[in-house]
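The values are calculated or read from the model by the stated rules, or taken from the named source; none is laboratory data. What you see is a predicted model; the values in this text were computed from it and never measured. So basically every Cβ, Gly included, is an ideal-geometry build from the backbone, and we count neighbours across all protein chains shown.
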Amino acid sequence: MKDPYEVLGVSRSADDAQIKNAYRALAKKYHPDNYQNNPLADLAAEKMAEINEAYDAIVKERAGGSRAGSAGQSGYTASSSSAAGSLFLQVRSLIHAGRIEEAHRLLDTVSSGNRSAEWHFLMGVVLQRKGWLADARTYLEEAVRREPNNPEYRQALGSFASPFGGQGGMPYTTGFCLPCGGPCDLCTSILCANMMCDCCCR
C-alpha cells in the first residue's frame with residue numbers, strides 16, 4: 001500500500017482536523033454518485049477504496065499512540081485533545097464503514113466532561129443511523145449550540161427539517177452522509193419503507 005499520508009495529500013505532521021478535512025474533500029470528489037453512467041466509474045471506485053484504506057490506516061496508527069516514520073522522527077504524543085481527535089477520526093471511519101454499534105460503543109467511552117461539540121455531532125449521526133431520531137436531533141442541536149458556525153453540524157441538523165411541517169413531531173428525514181456531506185438516498189428509502197409498513201399494519 002502507498003504511504004497513507006501521501007494518498008490523502010497531507011504531511012505526517014498534519015493534525016487530526018487537517019487529515020479529516022483532506023479525507024472528506026477526496027471522498028466527496030470521488031464519491032460513486034458523481035460517476036454514475038461514467039466511463040471513469042471503475043477508476044473512481046478504485047480511488048475511493050484507496051482513500052478509505054489510507055484513512056483507516058492513519059486512524060488505526062494514531063489510535064495506537066504512535067506514528068510510523070523514519071528513524072529519528074519524534075513519536076506521537078497523545079494529549080487529551082489529540083487523543084480525542086484520534087478517537088473521533090476512528091468513529092467517523094466506523095460510521096463510514098457502516099459499523100454503527102462499534103462507533104456507538106466507542107463514543108460511550110468518552111467521559112461526560114470531555115464530550116465536545118464534535119462528540120455530540122457524532123453521537124447524533126450514530127443515533128440517526130440507528131433510527132433514534134428524537135435523541136439524534138437533541139445531540140445535533142447541542143453540537144450546533146456549542147459551535148453555531150460549524151457548517152457540518154448545521155447541515156446535519158438541517159436534515160431534520162420535516163417536509164410535512166409542524167412542531168415537535170418525529171421528522172421524516174434523509175440520513176446524513178459523512179463522506180459526501182449530503183443526504184443519503186438509502187436512508188430515505190428505509191424510512192419510507194418503514195412508514196409504509198406502519199400504515200399497512202394499522
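For residue 161, the criteria (1) at pLDDT 50 or above; (2) assigned to a helix (DSSP H, G or I); (3) farther than 25 Å from residue 21 by Cβ hold in every case but one, which is (2). The residues on offer are 110, 91, and the sole one that is of a type outside the set (Phe, Trp, Tyr), at pLDDT below 90 and not in a loop (DSSP other than H, G, I, E, B) is 91. Identify the residue in region 94-120 that is crowded, with 21+ Cβ neighbours inside 10 Å and farther than 17 Å from residue 135 by Cα and, among all such residues, is nearest to the chain's Cα centre (by Cα). It comes out as 95. If you check 20, 60 for being part of a helix (DSSP H, G or I), modelled with pLDDT of 85 or more and under 19 Å from the mean Cα position of the chain (by Cα), only one passes: 20. Checking the stated criteria, residue 144 turns out to be farther than 25 Å from residue 30 by Cβ and either at pLDDT 75 or above or of a type outside the set (A, V, I, L, M, F, W, C) (or both).
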